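The values are calculated or read from the model by the stated rules, or taken from the named source; none is laboratory data. These figures come from a predicted structure and were not determined experimentally. Cβ atoms come from the backbone with ideal geometry, glycine included; neighbour counts cover every protein chain shown.
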């Protein structure tokens, strides 16, 4: 196995990255200086990104999102909003939003803090965007069960492990399936001592990372086989606009939806989330504006992380569907 410290290619990638990003040299100048082709310089720069040697982020000026953040805080009574600039492709958008959450975590985490971790691509992307050297003895606890069809990347136990590895903390898995056949089985499993112990620890969390789902037929719940496209369509017709962490289905006013799928997920519910001091809702996809609005109106969200377009759409939707007690300004 190659020693990374003495690997000549890693040394070359590091030198090229330093010349390009730190000293501002062009790829052509670097090629001449190092006596290699320009094509090889470009290839090694891309490889340096993949290897984690280079971390490039575009940070927009606070004034760009400041007014939007203030409007969201005032409108919904949340503590803060993390608003990322818009990107044309879904993956770049997801990483932009997740990067803001990763930076926020780095600032907030200290020894002995507990973080309850949900499921999904947006939550999973947070672990990929932690680049700080900040370490602490925090605990990352699965707040929802696992699913074979979700794959490692989206499962909460794997997200917990990646976050723990990045911050130097510990992780705890919830040894239960995310979805069961009916509410009776769910209630029985949640009383299992092993499951109950982990859920009780997640309930004592200082901070929670949760995804907001939508009711599109391409949603994670359909892709994982939890619900059929027909069930999703019927729920949408009944007024369901999304879910919080896969558990609580809600309408656009933040009220519990009467969807037939409810009550089958093993994990923290909205009542549990209300007791956690900082619930961070993460949603990057532009299909989720209605779901975000419904989630904000539940009153359980403290920190919202999303895109500029989503934030503006949510504010417009809120004005068009004014709820009781909401600020109209």
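Quick notes on this structure:
- Residue match in the stretch 273-295 (condition: surrounded by fewer than 21 Cβ atoms within 10 Å (Cβ to Cβ), at pLDDT 95 or above, outside any helix (DSSP H, G or I) and in contact with a strand residue (DSSP E or B) (Cβ under 9 Å, 6 or more places away or on another chain)): yes
- Of the strands (runs of 3 or more DSSP E) contained entirely in the stretch 134-215, those carrying at least 2 residues that are within 23 Å of residue 229 (Cβ to Cβ) and within 16 Å of the chain's Cα centre (by Cα) fall at 207-214.
- If you go through the stretch 234-254 and keep only what is surrounded by fewer than 23 Cβ atoms within 10 Å (Cβ to Cβ), touching a residue at least 40 places away in the same chain (Cβ under 8 Å) and in a loop (DSSP other than H, G, I, E, B), you end up with 252, 253, 254.
- Where helices (runs of 4 or more DSSP H) fall entirely within the stretch 10-126, those with at least 3 residues that are within 28 Å of residue 159 (Cβ to Cβ) are at 38-50, 62-76, 90-108.
- Put simply, of 140, 167, 131 the only residue that is farther than 23 Å from residue 275 by Cβ, in contact (Cβ under 8 Å) with a residue 24 or more places away in the chain and either buried (at least 21 other Cβ atoms within 10 Å of the Cβ) or not assigned by TED's automatic domain parsing to the domain that holds residue 270 (or both) is 167.
- Residue match in the stretch 302-321 (condition: part of a loop (DSSP other than H, G, I, E, B), at negative phi and surrounded by 24 or more Cβ atoms within 10 Å (Cβ to Cβ)): no
- Checking residue 145 against (1) surrounded by 20 or more Cβ atoms within 10 Å (Cβ to Cβ); (2) over 20 Å from residue 167 (Cα atoms); (3) touching a helix residue (DSSP H, G or I) at 6+ places or on another chain (Cβ under 7 Å), the condition it does not meet: (3)
- Candidates 153, 104: the one that is modelled with pLDDT of 95 or more and in the same structural domain as residue 204 (by TED's automatic domain parsing) is 104.
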